1. Cα axis of helix 28-47 to longest principal axis of the chain: angle in degrees, 0 to 90, nearest 10?
2. Region 24-65: which GluC sites (Glu not before Pro) are DSSP loop and have at most 16 other beta-carbon atoms within 10 angstrom?
3. Whole-Hz Karplus ³J(HN,Hα) for region 49-66, in order, using 6.51 cos²θ - 1.76 cosθ + 1.60 and θ = phi - 60°, x for Gly and Pro?
4. Counting other C-beta atoms within 10 Å, and keeping those with at most 13, which DSSP coil chymotrypsin sites (Phe, Trp or Tyr not before Pro) do you find in the chain?
5. Enumerate the calculated ³J(HN,Hα) couplings along region 17-23 in order (Karplus 6.51 cos²θ - 1.76 cosθ + 1.60, θ = phi - 60°), each rounded to whole Hz, writing x wherever the residue is Gly or Pro.
Amino acid sequence: MTTKEFEIFFRKLYLPLGMYALRIVDDADVAEDMVQDAFLNTWERLEGGLEISNFKAFMYRSVRNE
């Protein structure tokens, strides 16, 4: 995945993932941290060679796991 592709996914999914996280933890600051951490961890794993076939599903699972 290129940096540009990642940026597109980030812009598209950031708000919906934030709303999803907010439903889980009921705290806006914690929800935002969860989403940011999920994106950061995913980017680091992609740089390490991880290949993701369904990025949206992967990110929702990553936020849930945070």
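1. 10
2. Those satisfying the criteria are GLU51.
3. x, 4, 10, 10, 7, 10, 4, 4, 4, 4, 5, 5, 5, 5, 5, 4, 6, 5
4. Qualifying residues, ordered by number: none.
5. Here the 3J(HN,Hα) series is 5, x, 5, 4, 5, 4, 5 Hz.
Throughout, read-outs are computed from the coordinates displayed, never taken from laboratory work. Source: prediction; values computed, not measured. All Cβ positions, glycine included, derive from the backbone under ideal geometry; neighbour counts span all protein chains shown.
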